[in-house]
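FYI, it's all coordinate maths here, none of it is from the lab. This structure is a prediction, so every number in the text was calculated from the model and none was measured. So basically every Cβ, Gly included, is an ideal-geometry build from the backbone, and we count neighbours across all protein chains shown.
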Amino acid sequence: MSSSFQRSFALAGAALFLGFLLCCACAPEWRVNPQYGYGWFVPLILFYLLLVRLREFSEQESPPRLRSSTVAMVGGLLLLALAVEWTRLQHPPMRLIMGMQGGIWFLFLIFAWRDFSIGVRRGMLFPALLLLTVIPWPTRIEEPLTRALMSWVTGIAMELIHFAGIASRREGELIILSNGVVGVSEACSGIRSLQAAFVFSLILGEWRQGSITRRGELFLVGIGLALLGNLLRTLGLCGIASFYGMESMERWHDFSGNLLLMTIMGGLVGWSFWRIRQQEREGSEQELGAALRRLGHHRCVGMTVILMLALCLLGGMRGAVYFQQKAEGVESSPSVQWIRSEGDRTLGITSEVWRNLRCHSGEWIERQGEGIDFEKMEFYRFYWKPIRDSQGVRLHRPDWCMKGLGWKRVGEPIAGEMEVEGGKLHGYWIHYRKPGGEAIQFWTLLRNQERVEVDFNTASLVEEMSLRTFLIPREERSSWEMISLVVSSPWMVPEQKQVEEIGRKRIQKISLREAGKQEN
């Protein structure tokens, strides 16, 4: 074990600090966007890989002496990361902030380890770079790629469906079958499995310590498995919808997606063991444990002082935000919640919606009708926590959102209320119709639990591709919630009292005081 590691404690602490800030910035995207759900596991895998590399360094390496310029660079990066974190605490989750923290992490890896030997840098650099894979892709790259994949999957699937003799036609990214419509949406484009294959192939290549050629081969295999697997999944779902109906297709939809991800990972693991011969490592687990026990405190007083100051500043920033919200008495958690029961199904919300809404949390719950005169019930809730200096709330207007699903608004929205557990919700009642379907929706936008008046005749202020959103100006430090409850039926117009009955039993309104207690 090299004595160089006995002098790197404070520098490793700075690395953990910057990695923690990067994960904090990306965590909102991991939590709400299934496309980046793998981000929760990458830091753990990274830590394991770094420990594996740690035991491979020899005792003969000379100890580093951190230069004053290195200490100054690391200190500047810590201050810059704290400034970005402060901006994040004042604004909704933005990919720009996530990318800035990723850029700071990259600069740290480039400059912080320059005083170490070449062996240490080569062994530590690539595993540490894997942390950059948790950053969401820039929208300018992800969106065109996703739409290209949607078009590619739909086009090839249509050709194969026709070859199999199944009657169908195409409208955009919709496959119209004789008994239903299968939409190749963003979630079904294959971008999720493509990103998972990309990250997992990089991790496996580093774990198996393959050559550049073998790692590239593993990467191409992962991309091929993702594209082919998603095409086969689309064909399978279309076949199920054609022969067994849309309900059967919906039951298989999520299972087939999870099965595809497991198949890709299993295929990559098998390929890596077949094609990459892992080199014998010197040392043992006992030697690794002994090496970790010999880690000492860094003797560079300047680096230690900078790290301690950064930790104190971070704690002070978070404390300031917490007490500021308490002093202003602003709600800091959702005030409306769905009371779950058996039969409820939580559906994934696409990353395209998250990018446009830029909210902090949300859920989409579906339930099929049982013994009553409606086919399906859907509940949506999106929440924006109090932030400073925001231009407004960006959201889908309900009639635009429903229009994208084939519904057409009937008449004008009617202001009204709905009795729920804990009080009343004030909002709008809206009637929709489409060929073979009727729906009633209760929709409301709340600012600090008070309904916001919406002019449904106003044109959109923001148009992006096929999505239409509009901005609601807001005051600083206000919480916002958007609530929607939709009941639909294929044969009759659902009665408003049916929706009210569901809301009375299944929706709970929490007062500001009770929500504050729950937050504490």
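Could you give the length gained by full extension between M94 and L174, i.e. 0.36 nm per residue of separation minus their alpha carbon distance, to one decimal place?
25.8 nm is the gain from fully extending M94 to L174.
Near the amide H of G423, under 5 Å away, which other amide H atoms are found, from residues 5 or more places off or on another chain, if H is placed in the peptide plane?
Correct list: K509.
If r is the Cβ-Cβ distance from T263 to R318 and R0 is 60 Å, what FRET efficiency results, to the nearest 0.05?
For R0 = 60 Å, the calculated efficiency reads 0.90.
Given labels modelled 7 Å from the Cα in the Cβ direction, how far is it in nm from V410 to L50?
6.1 nm
Around W443, what is the net charge, scoring Lys/Arg as +1 and Asp/Glu as -1 over all other residues with Cβ under 10 Å from its Cβ?
Around W443, the surrounding residues sum to 0.
What's the extension gain from R275 to R433 if we count 0.36 nm per residue and subtract their Cα-Cα distance?
Extra length available between R275 and R433 comes to 51.2 nm.
Using per-residue counts of other Cβ atoms within 10 Å, averaged over each peptide, order 479-490, 35-46 from highest down.
Descending packing order for the listed peptides: 479-490, 35-46.
Taking the Cα centre of region 142-275 as origin and charging only Cβ (+1 Lys, Arg; -1 Asp, Glu), how large is the dipole, in debye to the nearest 20?
It works out to roughly 440 debye.
Tell me, what HN-Hα J-couplings in whole Hz come from the Karplus equation 6.51 cos²θ - 1.76 cosθ + 1.60 at θ = phi - 60° for each residue of region 44-52, using x for Gly and Pro?
5, 5, 4, 4, 5, 5, 5, 5, 5
What order do you get for 438-447, 335-344 when each peptide is scored by the mean count of other beta carbon atoms within 10 Å, highest first?
For the peptides 438-447, 335-344, the packing ranking is 438-447, 335-344.
Region 79-165: Rg/Rh from Cα coordinates, Kirkwood Rh?
So for region 79-165, dividing Rg by the Kirkwood Rh gives 1.24.
Under a crude label model (7 Å from the Cα following the beta-carbon direction), how far is W491 from V452 in nanometres?
The modelled label-to-label distance comes out at 4.1 nm.
For S248 and W40, what does the FRET efficiency come to when R0 = 41 Å and r is the distance between their Cβ atoms, rounded to the nearest 0.05?
Computed FRET efficiency for S248 and W40 comes out at 0.80.
May I ask which residue of V153, G165, L204 lies farthest towards the positive end of the charge dipole of region 142-275, with charges of +1 (Lys, Arg) and -1 (Asp, Glu) on Cβ and the Cα centre as origin?
Among V153, G165, L204, the one farthest towards the positive end of the dipole of region 142-275 is L204.
In nm, to one decimal, how far is the modelled label at L311 from the one at E501, with both set 7 Å along Cα→Cβ?
My value for the distance between the label points is 6.0 nm.
Within 10 Å, count the other beta carbons around each residue, average over each peptide in 122-133, 413-424, and list them highest first.
122-133, 413-424
Longer than 18 Å from Cα to Cα, which of K424/K509; K434/K505; K408/K505 are they? Say none if no pair is.
Pairs exceeding 18 Å: K434/K505; K408/K505.
Counting only other residues whose beta carbon sits under 11 Å from that of W429, what net charge do I get with K and R as +1, D and E as -1?
Counting the neighbours of W429, the net charge comes to -3.
Counting pairs of alpha carbon atoms under 8 Å apart in space and at least six apart in sequence, what relative contact order in percent does region 142-275 give?
26 percent
By how many nm would the segment from F163 to S68 grow when fully extended, if each residue of separation counts as 0.36 nm and the alpha-carbon distance is taken off?
My answer for the length gained is 27.2 nm.
Using the beta-carbon distance between S151 and L232 and R0 = 22 Å, what value does 1/(1 + (r/R0)^6) give for FRET efficiency, to the nearest 0.05?
0.80
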